[in-house]
Amino acid sequence: MPTPVAHALAGIAVYLASRQDHARWPRQEDWVLFGSTVFAACAADLDFGIRFLAGHNYHHYFTHSLGFATIFCLAAYFFARWAKRPLPKRDAWMLGVAYLTHIVLDMFSKDTVAPFGVELLWPVSDAFTISPVLFFDDIWRGTLTELFGLHNWLAVAREVAIVGPVVGLLWWRRRKQVAH
Ligand SMILES: [Zn+2]
């Protein structure tokens, strides 16, 4: 699956694509929303933590599903309302879409640990789904040498090469917007 680099870039892309206003950068940029969107794009991988609590690997299980993305989106809405954010629905949509990008990116990534892919339709189905075409490489994390080895650096470079241009284009568009 992709590293947090690809997921964070996808979160930035969602943020840039969603902002339509002419706020002056960086003072009037909504940094809380920016941070929350990037967090939402990476959040599904917090399931790594369940292993320490439950003693069983749940990575790519229910947190990587459309069902959980819906729960996340609803939770974001109620949290935004509680925090008295001016546009709670817009915030929730942005965070929900950012969460979804994580699932999509993982589906298009090489997976070497069974079951392959993500539990996309949880809780309706326990089946795992993976795209037949894979754009992202897997990440080796057996040992520290592997973790910081060439294979993983090349995998990250590939992520930046794929998601980076999308962010670049949206950034360019936003700069033009703000300039007007
Ligand atoms: Zn993931």
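Values in this text are rule-based calculations from the coordinates and carry no lab data. Not measured: the values here are computed from a predicted model. For neighbour counting, all protein chains shown are included, and Cβ atoms are generated from backbone atoms with ideal geometry for every residue, glycine included.
Results, tabulated for the structure shown:
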quantity: Three-way shape call for the stretch 1-152 based on the alpha-carbon gyration tensor, with the a/c threshold at 1.5; calculated: prolate
quantity: Degrees, to the nearest 10: 88-107 long Cα axis against longest axis of the chain; calculated: 30 degrees
quantity: For peptides 169-177, 2-10, 115-123, sequence by mean Cβ density within 10 Å, most packed first; calculated: 2-10, 115-123, 169-177
quantity: Between the stretch 72-118 and the stretch 130-180, the Cα center-to-center distance that results, in Å; calculated: 18 Å
quantity: The chain: angle of helix 31-42 to the longest principal axis, Cα-based, in degrees nearest 10; calculated: 20 degrees
quantity: Burial ranking of peptide ranges 61-74, 98-111 (average Cβ count within 10 Å, highest at the top); calculated: 98-111, 61-74
quantity: Set of lysines with alpha-carbon distance to Lys176 below 27 Å, sequence-local pairs under 8 removed; calculated: Lys89
quantity: Cβ-defined net charge surrounding Trp93, 15 Å radius [Lys, Arg +1; Asp, Glu -1]; calculated: +3
quantity: Degrees between helix 150-179 axis and first principal axis of the chain (Cα, 0 to 90, nearest 10); calculated: 10 degrees
quantity: Extension gain (nm, one decimal) between Ile71 and Phe148, 0.36 nm per residue minus Cα-Cα; calculated: 24.3 nm
quantity: For the chain, calculated [θ]222 nm from helices alone, where every DSSP H run of n ≥ 4 adds -39500 (n - 2.57); calculated: -19000 deg cm²/dmol
quantity: Förster radius 45 Å - calculated FRET efficiency between Phe79 and Lys176 (Cβ-Cβ, nearest 0.05); calculated: 0.90
quantity: Virtual spin-label span in nm between Ser18 and Ser125, 7 Å along Cα→Cβ; calculated: 2.8 nm
quantity: Local net charge near Val166, Cβ-Cβ under 13 Å (Lys/Arg +1, Asp/Glu -1); calculated: +1
